[in-house]
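None of the figures in this text is laboratory data; all of them are computed from the coordinates on show. None of the values given here were measured: they were computed from a predicted structure. Cβ placement follows ideal geometry from the backbone for every residue including glycine, while neighbour counts extend to all protein chains displayed.
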Amino acid sequence: MSAPDEKLLAELESDIRHLYHLLDTICDHAFGAVDRERCDALLWIARERADKVRKDAHAAIWPGDA
């Protein structure tokens with residue numbers, strides 16, 4: 001893997017973390033303690049999707065690495 005690929009993957013992972021925290025903040029503002037179950041469900045979905053994107057990016061950069 002080249003340095004640009006490593007940098008791209010690191011930036012993607014950083015973006016995923018920022019988006020997750022942004023969603024957490026939005027959920028707290030929109031639903032607060034009133035509907036924490038909804039917030040937790042949305043965050044779980046976001047975490048699952050982010051993990052899939054991260055794995056797909058990893059597979060694209062390192063095709064033979066499982």
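Comparing E13, E48, E37, which has the greatest mean-square fluctuation in the GNM of the chain with Cα pairs linked when under 10 Å apart?
Highest fluctuation of the listed residues: E37.
Among (1) 62; (2) 77; (3) 94, which is the computed volume of the Cα convex hull per residue in Å³?
Given (1) 62; (2) 77; (3) 94, the calculated one carries the label (1).
As a footprinting exposure proxy, order V53, V34 by other Cβ within 10 Å, with the fewest listed first.
Taking fewest neighbouring Cβ atoms as first place, the list is V34, V53.
How big is the charge dipole of the chain about its Cα centre, in debye rounded to the nearest 20, if each Lys and Arg gets +1 on its Cβ and each Asp and Glu gets -1 on its Cβ?
That gives the chain a dipole magnitude of about 80 debye.
At 222 nm, what value in deg cm²/dmol follows for the chain if DSSP H runs of at least 4 each add -39500 (n - 2.57) and the sum is divided by all its residues, to the nearest 500?
My calculation for the chain gives -29000 deg cm²/dmol from helical runs alone.
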